[in-house]
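K.L.:
Can you read through this structure? Questions will come right after.
None of the figures in this text is laboratory data; all of them are computed from the coordinates on show. All values derive from a computational prediction rather than experimental measurement. Positions of Cβ are generated from backbone atoms using ideal geometry, with glycine treated the same way; all protein chains shown enter the neighbour counts.
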Amino acid sequence: MSAVDYDTLIPNNVDLSSDARLKRALEKWYPRYLDWWKTVGPEGFQDCEVYLRTAVSVDRDGWAKFGFVKMPEYRWGILLAPREEGRKIAFGRHKGEPVWQEVPGEYRAMLRRLIVIQGDTEPASVEQQRYLGATAPSLYDMRNLFQVNVEEGRHLWAMVYLLQKYFGRDGREEAEALLERRSGDPDRPRILGAFNERTPDWLSFFMFTTFTDRDGKMQLESLANSGFDPLARTTRFMLTEEGHHMLVGRTGVARVIQRSSEVMQAQGLTDPHDIDSVRKHGVIDLPTIQKKINFHFSVTLDLFGAEVSTNAANAFNAGIKGRFGEPRIDDDHQLHDDTYPVEQVVDGGIKHVDMPAISAINARLLDDYISECANIVTSWNRIIAEHGLDYELQLPHRGFNRQVGEFSAYCISPTGELMTESDWARMSTDWLPSDDDGDYIRSLMKPERRAGHFAPWIAPPRAGIDGKPGDFEYVRITA
Ligand SMILES: [Fe+2]
Ligand SMILES: [Fe+2]
C-alpha cells in the first residue's frame, strides 16, 4: 500500500500521481466542489479557524491529526483502507473467487447505481445542516457540526474517486451531477427522501446524526465486504469517520434529555406530560423528544428500501453488497435454501412470514439497524430514570409512518396497531412534531459563543474533543 501523499493538491494513498488522466479529472472537479462547498455548505464561519481532525493515515491508531483549520482549506483526501493480499469474495455466487480490482462488465450498472446513491447522501446532509452554525449551543457543538460536515465532504470525494477512476465518461458525468442536485429542491432533489427533509434545529441535527448517519453506517458495512475491492476499501475507511458522527448524535440527544431531566427534578415537576410547565423553564419536554424520535426513525427506515427486494438479492448474489457483519454470520453466505422471517401485514394483522433469505437482505439489515437503535434508546431512558422521572422513550413500530416497503400501504400506530387512514391522520399530531413543537424548539436556538458555556437547553458533554479542557475555544470566531 502506498503511504499518504500530502504534498499534492489532493492528499491520497492511491498513487494519484501515477495516473495522469484521473489526476486531471479530479483537479478539474476540485474547484467545482469548492464552489459547491462555499455556496451550499456551512453558512458563515468559513473564515474561522476550527479545531478539526483531518485523516492523515489509514493506520487504525493515529489516523487523524487535530489542528486549527479554515473549512475551505480542509484537506479532503482520498484514503482507502489497506489492501488485504489474497482477499476472496465472501458471499454470493462468486464466493471464494479473488476480489475484483476492476469493475466486472456485467455488474457495471449495479455498481454505478450503488455508488451514486451512497455518494448523493454525503453532500445532501451538508446542505441540510447548512444553517445550523448560527444557532450552535456552544463552540464545542459548532465544531462537531463542522467536523461532521467536512467529513461528509470527504465521503463525497471517496465516491467521486470511484466514479472518476472506474466508470469513464459516465463516472465523470455522475460526479458533476452530485454537485448539481440539491437537498429539498423540487426540480433537482437529492435521490433519497430523508435527505430532502429539513434539519431546522439542533435537536433535529442530533436525531439525524443518531438515526440517519447510522443508516449510513449500515450501508457502508454492507459494502465493506464487497467483491469490488476498491469499494470495500473505500467504505472501510469511511466507517472510521462515521463513528464520530453517530457519537455526536447519541450524546447530543442524551445531553438534551439530561438537561430536561435535571430541570424537571430541580423544579419538582413530576409529570413529564405537563408540557407547558416544562417548557416554562426553557428546556425541551420529553414527549416532544419522543415525537422527534418517531419522525427521524421512521423516515430513516425508508432509506433501507423494500424489505423484500430483488435488487438487494441481485446485489448479494453478485457479491457486490453483503449483509451487516457478513464474515461473522454462520451460514453458507450464498443463501440457497435459507429463509428469513419478515414482518408483514397478513389478514389484517402483523405477522412474521418466512421468506427466502436472499430476498430478505434489506429486512435483515433493517433488523440489525433497529436493534442498535433500541440500545441507544435504552441508554437515553437510563438518564430519565436516574432523575426519578416516570417516562420511557420508545422506538416506534417499524411500520409507523412508512412510505417505502411492506408497510407503505398501511396506517400503523407507533405501538404497531393497524388503523384507518382517518384515525391515523387524527392521531398523528400526537405522534409527529407539530408546527408548534418546531416553533418552540426554534425559539430555544440562541447561539452561545463563549468558550466553555452552553445554551440552557442542553447539558455540557462529559469530555472535550481530543482531551481538550471544558473551556477550550474550538472555533475562533472572527467578527
Ligand atoms: Fe458520510
Ligand atoms: Fe456521517
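K.L.:
Find how much the distance from Arg449 to Ser379 grows on full extension, using 0.36 nm per residue of separation minus their present alpha carbon separation; answer in nm with one decimal.
P.N.:
Details: separation 70, 0.36 × 70 = 25.20 nm, distance 2.92 nm.
Gain in length upon complete extension: 22.3 nm.
K.L.:
If you don't mind, another one. Return the subset of Lys70/Lys468; Lys23/Lys88; Lys28/Lys70; Lys292/Lys351 for which the Cα-Cα distance in this structure is over 24 Å, preserving the input order. Mind showing how you got there, number by number?
P.N.:
Numbers: Lys70/Lys468 19 Å; Lys23/Lys88 29 Å; Lys28/Lys70 22 Å; Lys292/Lys351 27 Å.
Those over the limit are Lys23/Lys88; Lys292/Lys351.
K.L.:
Here's another thing I want to ask about it. Considering only DSSP beta bridges whose two residues both sit in the chain, what percent are antiparallel, to the nearest 5? Don't skip to the answer; put the middle values down first.
P.N.:
Values: 21 of 23 bridges.
Approximately 90 percent, going by the DSSP bridge assignments.
K.L.:
Let me ask something additional. Spelling out what I want: for every residue of the range 203-212, take phi, set θ = phi - 60°, compute 6.51 cos²θ - 1.76 cosθ + 1.60 (Karplus), and round to whole Hz; glycine and proline get x.
P.N.:
5, 4, 4, 5, 5, 4, 6, 5, 8, 7
K.L.:
Turning to a different aspect of this structure: What does the extension gain come out to for Leu239 and Asp330, with contour length at 0.36 nm per residue minus their alpha carbon separation?
P.N.:
The span from Leu239 to Asp330 would gain 30.4 nm if fully extended.
K.L.:
Counting only helical runs of four or more DSSP H residues, what would the 222 nm mean residue ellipticity of the chain come to if each run contributes -39,500 (n - 2.57) and the total is spread over all its residues? Working shown, then result.
P.N.:
On the way: 13 runs with 215 residues, N = 479.
Calculated from helices alone, the mean residue ellipticity at 222 nm is -15000 deg cm²/dmol.
K.L.:
Right, something else. For the chain, what is the relative contact order in percent, using Cα pairs closer than 8 Å and at least 6 residues apart in sequence?
P.N.:
Working: 801 pairs, mean separation 89.3, N = 479.
About 19 percent, as a whole number.
K.L.:
Using the Cβ atoms and a cut-off under 13 Å, what net charge is assigned to the surroundings of Gly325, where Lys and Arg are +1 and Asp and Glu are -1? Please report the intermediate quantities before stating the final value.
P.N.:
Working: positive: Lys217, Arg323, Arg328, Arg364; negative: Glu221, Glu326, Asp330, Asp331, Asp367, Asp368, Glu372.
Summing Lys/Arg as +1 and Asp/Glu as -1 gives -3.
K.L.:
Using a basic spin-label model with each label point 7 Å from the Cα along Cα→Cβ, how many nm lie between Arg21 and Tyr410?
P.N.:
5.2
K.L.:
Please report, largest first and rounded to whole Å, the three semi-axes of the ellipsoid equivalent to the range 391-452, where each semi-axis is the square root of five times an eigenvalue of the C-alpha gyration tensor.
P.N.:
Numbers: eigenvalues 206, 38, 25 Å².
Semi-axes from the Cα gyration tensor: 32, 14, 11 Å.
K.L.:
What are the ³J(HN,Hα) values, in whole Hz, obtained from phi via the Karplus relation 6.51 cos²θ - 1.76 cosθ + 1.60 with θ = phi - 60°, for each residue of the range 193-200 in sequence order, with x given for Gly and Pro?
P.N.:
Result, rounded to whole Hz: x, 4, 8, 10, 6, 8, 10, x.
K.L.:
Net charge near Ala254, counting Lys/Arg +1 and Asp/Glu -1 over other residues with Cβ under 14 Å of its Cβ? Intermediate values should be presented prior to the final figure.
P.N.:
On the way: positive: Arg250, Arg255, Arg259, Lys292, Arg382, Arg462; negative: Asp141, Glu262, Glu386.
Value of the local net charge: +3.
K.L.:
Report the per residue volume, in Å³, of the convex hull enclosing the C-alpha atoms of the range 197-308. Before the final figure, lay out the partial values.
P.N.:
Numbers: hull volume 13.2 nm³, N = 112.
Dividing the Cα hull volume of the range 197-308 by its residues yields 118 Å³.
K.L.:
Using the basic label-point model (7 angstrom from Cα toward the beta carbon), what is the Phe472 to Glu392 distance in nanometres?
P.N.:
If labels sit at Phe472 and Glu392, their model points lie 3.8 nm apart.
K.L.:
Turning to a different aspect of this structure: How much length is gained on full extension from Met427 to Glu102, taking 0.36 nm per residue of separation minus their Cα-Cα distance?
P.N.:
Numbers: separation 325, 0.36 × 325 = 117.00 nm, distance 5.25 nm.
111.7 nm is the gain from fully extending Met427 to Glu102.
K.L.:
Right, something else. So how far apart, in nm, are the two label points at Arg32 and Lys70 if each is 7 Å from Cα heading toward Cβ?
P.N.:
Each label point is offset 7 Å from its Cα along the Cβ direction, giving 2.5 nm.
K.L.:
If you consider only alpha-carbon coordinates, what radius of gyration and Dmax does the chain have, in Å?
P.N.:
Expressed in Å, the Cα Rg and Dmax of the chain come to 22.8, 68.
K.L.:
What is the calculated FRET efficiency for Asp368 to Asp61, with r their C-beta to C-beta distance and R₀ = 22 Å, to the nearest 0.05? Don't jump to the answer; show the numbers that get you there.
P.N.:
Numbers: r = 27 Å, r/R0 = 1.24.
Efficiency at R0 = 22 Å is approximately 0.20.
K.L.:
Test of understanding: ordering Lys88, Lys292, Lys217 by Cβ neighbours within 10 Å, fewest first, what list do you get?
P.N.:
Details: Lys88 13, Lys292 25, Lys217 19.
Listed from fewest to most nearby Cβ atoms, that is Lys88, Lys217, Lys292.
K.L.:
Still on this model: Could you list, bin by bin from short to long, the percent of Cα-Cα pairs of the range 355-479 in 10 Å steps?
P.N.:
Spelled out per bin, shortest first, that is 9, 23, 30, 22, 13, 3, 0.
K.L.:
5 Å is the cut-off here: which amide hydrogens, built 1.01 Å from N in the peptide plane, fall below it relative to Ser183, excluding neighbours closer than 5 in sequence?
P.N.:
Arg190
K.L.:
Still on this structure, I have one more. At what distance in angstrom do the alpha carbon centres of the range 357-390 and the range 299-330 lie from each other?
P.N.:
19
K.L.:
Using the Kirkwood formula over every pair of different C-alpha atoms, what hydrodynamic radius in Å results for the range 87-239? Walk me through the numbers on the way to the answer.
P.N.:
Details: mean 1/r = 0.0607 Å⁻¹.
Taking the inverse mean of 1/r over all distinct Cα pairs, the range 87-239 comes out at 16.5 Å.
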